[in-house]
Amino acid sequence: MNGNMTAAVKNHLKEFQVVAEIPVAWADMDVFRHVNNTVFFRYFETARIKYLERIGFTDDLGMYEGAGPILHSTHCRFRRPVVFPDTVWTGARSVKLHSDRFVMEYRVVSEKLGEVAAEGGGVVVAFDYHARSKTTLPRSVSARIEEIDGHSFG
């Protein structure tokens, strides 16, 4: 994790090996003067892409045995309003691993508040973009998920 985080932020993200630092932009806020709910999904996406890069499963089609990631579903539980100026730290990790997909958790922590602003999750499926159908996760990707998140999903 990044050394620039406050102790409170670090504490909230201690279970996450992949964390993205994201400055809150003025334009992220809506008429209610807090970050719009849709923006949290962009924060999740930023952390998810960083995670995919760490596990070697990015959108460079053809790099990984014909399979690439595709987002199956996502959800969010909003906990605290975030306002500009602030920085959010968004953690991403896998909590379940299957032969063709993995389930992710996200946590967004406000630096200003020192609290969790949102939590969520998503399902990422291995997708064969040439055949246009789901496929098996490459073994190298599964192994990297197990390595990064510190345990075997068996």
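The values are calculated or read from the model by the stated rules, or taken from the named source; none is laboratory data. Everything numeric in this text was worked out from a predicted model, so none of it was measured. Every residue, glycine among them, receives a Cβ derived from its backbone with ideal geometry; neighbour counts consider all protein chains shown. Side chains are part of the model used for accessible areas, which takes the heavy atoms of the whole protein and leaves out ligands, DNA and RNA. Shrake-Rupley method; radii C 1.70, N 1.55, O 1.52, S 1.80 Å.
Residues in segment 15-31, backbone N under 12 Å from the label point at ARG54 (7 Å along the Cα-to-beta-carbon vector): list them, ranges by number please.
Output list for this probe position: 15-21.
Average the reciprocal distances over every distinct pair of alpha-carbons in the chain, invert the result, and give the Kirkwood radius in Å.
Here the Kirkwood hydrodynamic radius works out to 16.1 Å.
Which sequence of HIS75, HIS12, HIS151, HIS130 reflects their accessible areas, 1.4 Å probe, from the largest down?
From most accessible down to least: HIS130, HIS75, HIS151, HIS12.
Setting aside same-chain residues fewer than 8 positions from LYS134, which aspartates and glutamates have a Cα under 12 Å from its Cα?
Output for LYS134: ASP100.
Given the options SER94, SER140, SER110, state which has the largest fluctuation in a GNM of the chain using a 10 Å cut-off (strictly under) for Cα springs.
SER140
Would you work out the relative contact order for segment 23-114, in percent, from Cα pairs under 8 angstrom that are 6 or more residues apart?
32
Most fluctuating residue of PRO69, PRO23, PRO85 in a GNM of the chain with Cα springs under 10 Å: which is it?
Comparing PRO69, PRO23, PRO85 in the GNM, the peak value goes to PRO85.
If you stretched the chain out fully between ASN36 and LYS112, how much longer would it get, using 0.36 nm times the residue separation minus the C-alpha to C-alpha distance?
Stretched out fully, the ASN36 to LYS112 stretch lengthens by 25.6 nm.
Give me the percent relative contact order of the chain, please, defined on Cα pairs under 8 angstrom at least 6 residues apart.
Numbers: 301 pairs, mean separation 41.3, N = 154.
Relative contact order, the chain: 27 percent.
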